[in-house]
Amino acid sequence: MADLDNTYYGEDVVDYINEALGSEELSNESGGSASATLNDVFGDDLLDETQSCSEWCAAVLDGLDGMEDEDLDAVVKFLHISDPHNYTDALAQVDTMLNEDEDIEFVALTGDMVRQGVSNEFKNYLAGYGDKLLICPGNHDTYDYGGQASILSFIKTYVTDESIVWGDTVGSSAYFYKDIVLSRRSKLRIISLDQYEISKVRYDGNYRTMYSQSQIDWLCARLKELSSNDFVIIMMHEPPVQSRTKADDEIVAMRPSSTPEPEKLFVSQHISWMCNRFDVDSTVADEPQLSLIPRIVRAWQHQEHMEYEYNNYNSNGYAGTADVAIDEDFSTKRPATFLCYLCGHLHTDVHYYLPDESNSEDVENGEDWSGQLMLDITAASSSAAYSTQDDLGGADSPWPRPSNTYTYRINEVTLDFANREITIDRIGAQNTANGRVRDTITFPFVRET
C-alpha cells in the first residue's frame, strides 16, 4: 500500500484507512468526526482538527504503524481477598507476597474489612501495601462502622494511589476507577463501586444495597468513554446478580472446556447463596434488583439503547426516596472487553459465568448474562467463624472452624493479554469437605461458545 499523502482526497482517504485497518471504521459521512474515530481506534490522541493536511496524514500513518508493530503481550498480576472481618491471616500473607514479588500490580480487597471496629494491626498491614491497595466498601463496613462518611474516610486513608480518579466530586461515596496502561493504545480499567450509598438514597439499617443516580450515571460514562482496545474489571462487594439456586452439575456445564474437571471448579456446594438475601419470589414489590450492574454491562457489550428503572429498597417510611432511571445509548461506540467482576460477601467460592435467565419462569425480565465472568472469593480468614459449610472440612455446623493449618485464602490472578486468558491460583486454603481442590482455574477473556 502506498503512503498516505496530500494527493488523497475524500473517498480515497476513507478507502485507504479502512483497507489499512482491515475493517470499515470510517465512512464517507464521517466528516469532522474522523479524527475522533481514529483516535479511538489508535488508542491515542494523535489527531485533531487544527492540524494541516500533511500533519493529519502523517499522524494517521503514525497511528497505523503503531497498530501494525504492536503485539499486546502485557501481563498483569494482582491479588484478590475479601471479607477479612478484622482478622489478619490473609493480610499478613499478602504483605509477604508483595515483598517477594514486585510484579504484583495491585491488591483488590472487596469489602467487609471490619465488623464494628478494626485493630491497629489490621490498619498497619493496609498501610504497608502503599499505593497498591484498592478497596470497595462492604455492607459491614458501611452499616457497622459509623456510616458512609466514616468508611469513605477509612478507605481514602489507605487507598493512596494518585492515579485513582474518584467519582464522587462531593466526597461522600467511595467509587473510583484506576487505569493501567498496557500499550500505546490499550489500557486496563478497574472500576470500583460503592453499593451502600445510604447517605444519598435511604437508610433503614438492614444491610441493603443502595445505588445513587449519580453513581450509575458515572459508571455508564466511564464505560462509554473506553475504546475497543481497552479492558474492564469491576470491583463490588456483593455479587452482581440475584439468581436462583444452581445445581453443581449445571455449574459444571458452564465451565470452559480447558478445565472441565469438577475438582478444578472454584465453586462451593452452596450455590443457593447466590440468592443474596433477597428471594426472587418475594411479594415485596420494590426489593432491590441486584442485577442492575450486569444489565448495564450487557447493554454496553451489545451496543444497545438501555431504558431501565432500578428500585432502591423502600421500607420503614422512606417512600419516595430516589430510585435510579437509566436512559443510555451504548450504540455509538464499540465496547471494550469486559474481563470479570471481583466480589466477596457470600463467604464462598463462586468463580463462574453469570446465569442466563432470559427464559426463566422464576425471574421477571430476566436476561442472558452468561458472557460475564464473576470471581467471588470466600472469606479471607478462617480463624473466625466466617467460612462456609464446605470450606476446609470440619463440623457440620454452618460456620465450622478450620481443620487444617491454612487460615487464609488469597486468589492470585494473572491476566495474560497475549493469550487472552485469566488464571486464578489459590494461595492458602484449597481443600473442601466434599473433596474438591481449589488450586488453579483458567478462563478465556471472552467466553467460549
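Conditions: (1) more than 25 Å from Met97 (Cα to Cα); (2) free of Cβ contacts under 8 Å to residues at least 40 places away in the same chain; (3) open to solvent by 20 Å² or more (accessible area, probe 1.4 Å); (4) not polar (S, T, N, Q). Asp179 meets all but one. Number of the miss?
(1)
Since Asn124 meets every condition but one in (1) in contact with a helix residue (DSSP H, G or I) (Cβ under 6 Å, 6 or more places away or on another chain); (2) surrounded by fewer than 22 Cβ atoms within 10 Å (Cβ to Cβ), which condition does it not meet?
(1)
Show the residue pairs that are 6+ apart or on different chains and have beta-carbon atoms under 8 Å apart, the first residue being within the stretch 325-347 and farther than 23 Å from Asn39 by Cα, the second being open to solvent by 10 Å² or more (accessible area, probe 1.4 Å) and among the polar types (S, T, N, Q).
Ala325/Gln213
Consider the stretch 182-210. How many of its residues are open to solvent by less than 10 Å² (accessible area, probe 1.4 Å) and more than 27 Å from Leu415 (Cα to Cα)?
5
So which residues in the stretch 129-174 are open to solvent by less than 50 Å² (accessible area, probe 1.4 Å), part of a loop (DSSP other than H, G, I, E, B) and closer than 30 Å to Asn99 by Cβ, if there are any at all?
Across the stretch 129-174, the qualifying residues are Tyr129, Cys136, Pro137, Gly138, Val159, Asp161, Ile164, Ala174.
Being in contact with a Gly (Cβ under 9 Å, 6 or more places away or on another chain), of a type in the set (A, V, I, L, M) and part of a loop (DSSP other than H, G, I, E, B) is the requirement here; does Val114 meet it?
Yes: the conditions hold for Val114.
For every residue, the table says whether it meets (1) modelled with pLDDT of 90 or more; (2) part of a loop (DSSP other than H, G, I, E, B).
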position	(1), (2)
Asn314	no, yes
Asp327	yes, no
Thr348	no, yes
His351	no, no
Asn359	no, yes
Ser370	no, yes
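The values are calculated or read from the model by the stated rules, or taken from the named source; none is laboratory data. This is a predicted model, so every value here is computed, not measured. Every residue, glycine among them, receives a Cβ derived from its backbone with ideal geometry; neighbour counts consider all protein chains shown. These area figures cover heavy atoms from the full protein model, side chains too; ligands, DNA and RNA do not enter into them. Shrake-Rupley method; radii C 1.70, N 1.55, O 1.52, S 1.80 Å.
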